[in-house]
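Asks: Questions regarding the structure given below will be posed in turn.
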Amino acid sequence: MTNKNKKHIVIATTIIILVVALLIYRYYIPDMKPKKQLTPASVEYTYDDSVTSSQLAEYNARQDWQLTLVNNDTPICENCSVILTALDNGQAVDCRIYPQLQKMFDDARSQGIYPTITSSFRTAEDQQDILESKYEHYQKIGYSDKKAKAYAEEWVAMPGTSEHELGLCVDIASGDSRVTNQEVWDWLAKNSYKYGFIERYTAEKQDITGIIPEEWHYRYVGEKAAKEMYENDLCLEEYLQNMS
Ligand SMILES: [Zn+2]
């Protein structure tokens, strides 16, 4: 083989390797992990025992905070901040929803229903971690990277688009073997509106909310709105639309 031929073979091999590497990068690597889509401005948070009483009073006096819409099309506010109340089991919620949440749980317990909170306030990073675990779960049970990503995103809101990042909602399950999750959820579906909470994602409203049914996810909207939404069978998106 002449030196000239050898040179041609080296050049051709290099080009082939580069093209293959480019194709792998373009079609394979980007699907390996969900895209990082952290919200540009994560919610700042502090706890109610570390703010002054006047800061707390100002926070409580804000208007219409309980009707803040967060969904796939409406990301959480930029540069917003929340004041949280820490709960006994390591969970935390917006301090303004705490009194009614406590009342709802006390009343449920007095009626033989024993709810517990399984998820509440989350940072954008928490939300990203949940999304990635779900994605890895689907990969492990054999879905292609693309399908695993799509299913994970169907189940878990992208960071920046979850109400959990505002501390205005809680995921609830049974906290006692005497009652099933379903019994807890049935009680909540019937009674939560009296305390200002709504079942946020129902099967009937999936087309509007864009979220698959979540019987455990309860969102605080205030007693007035919750009652109207319960009685007129409206989801938050419809309620806000009607108001405008
Ligand atoms: Zn939830």
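The values are calculated or read from the model by the stated rules, or taken from the named source; none is laboratory data. The model shown is predicted, which means the values in this text are computed figures rather than measured ones. Heads up, the Cβs are rebuilt from the backbone with ideal geometry, glycines too, and the neighbour counts pull from every protein chain shown. To get the accessible areas, we keep the full protein, side chains included, count just its heavy atoms, and leave off ligands, DNA and RNA. Shrake-Rupley method; radii C 1.70, N 1.55, O 1.52, S 1.80 Å.
Asks: Need one value: the accessible area of Y45 in square angstrom, 1.4 angstrom probe, rounded to the nearest 10.
Replies: 110
Asks: Using just the helices of the chain, give the 222 nm mean residue ellipticity in deg cm²/dmol: DSSP H runs with n ≥ 4 each add -39,500 (n - 2.57), and the total is spread over all residues, rounded to 500.
Replies: -13500 deg cm²/dmol
Asks: Using only Cα atoms, tell me the angle between helix 3-27 and the longest principal axis of the chain; keep it within 0 to 90° and round to the nearest 10.
Replies: With both axes taken from Cα atoms, the answer is about 10 degrees.
Asks: How high is the FRET efficiency between H137 and D186 when r is their beta carbon distance and R₀ equals 30 Å, given to the nearest 0.05?
Replies: Approximately 0.60, to the nearest 0.05.
Asks: Still on this structure, I have one more. Any chance you could look up the accessible area of W65 with a 1.4 Å probe, heavy atoms only, rounded to 10 Å²?
Replies: 40
Asks: Just want the answer: with Cβ charges of +1 for Lys and Arg and -1 for Asp and Glu, which residue in I15, T52, C169 is farthest toward the dipole's positive end in the chain?
Replies: I15
Asks: Which of the pairs K134/K205; K146/K205; K147/K205; K103/K140; K147/K227 have their Cα atoms more than 30 Å apart in this structure?
Replies: Where the Cα-Cα span goes over 30 Å, the pairs concerned are K103/K140; K147/K227.
Asks: Hey, what's segment 144-244 come to in accessible area per residue, 1.4 Å probe, Å²?
Replies: Result: 46 Å² of accessible area for each residue.
Asks: Rule-of-thumb check for the chain: C-alpha Rg over 2.2 N^0.38 Å?
Replies: 1.35
Asks: Given the chain, what percent of its DSSP beta bridges are antiparallel, to the nearest 5?
Replies: For the chain, the DSSP antiparallel bridge percentage is about 80.
Asks: OK, next. What GluC sites (Glu not before Pro) in segment 167-220 are in a loop by DSSP, with at most 14 other Cβ atoms within 10 Å of the Cβ?
Replies: Passing sites in segment 167-220 are E204.
Asks: Continuing with the same structure: What three numbers, in Å, describe the spread of the alpha carbons of segment 90-162 along their principal axes, ordered from the longest?
Replies: Each principal axis gives a Cα extent; for segment 90-162 these are 48, 27, 19 Å.
Asks: Next question. In square angstrom, rounded to the nearest 10, how much accessible surface does E237 have for a 1.4 Å probe?
Replies: So the heavy atoms of E237 present about 30 Å² to solvent.
Asks: Okay, next question. At a 1.4 Å probe, what is the % contribution of carbon and sulfur to the accessible area of the chain?
Replies: 53
Asks: Would you mind getting the accessible area per residue of segment 95-136, heavy atoms of the protein chains only, 1.4 Å probe, in Å²?
Replies: 42
Asks: Give the cross-link partners of K224 among the aspartates and glutamates, using a straight C-alpha distance below 20 Å as the criterion and excluding same-chain residues fewer than 8 apart.
Replies: In chain and number order, the partners are D64, D94, D107, E163, E199, D233, E237, E238.
Asks: Compute the acute angle (0 to 90°) between the alpha-carbon long axis of helix 124-140 and the principal axis of greatest extent of the alpha-carbon atoms of the chain; round to the nearest 10°.
Replies: Approximately 60 degrees, to the nearest ten.
Asks: Taking the dipole about the Cα centre of segment 36-243, with the C-beta of Lys and Arg at +1 and of Asp and Glu at -1, give me whichever of A226, G90, V70 is farthest to the positive side.
Replies: Among A226, G90, V70, the one farthest towards the positive end of the dipole of segment 36-243 is G90.
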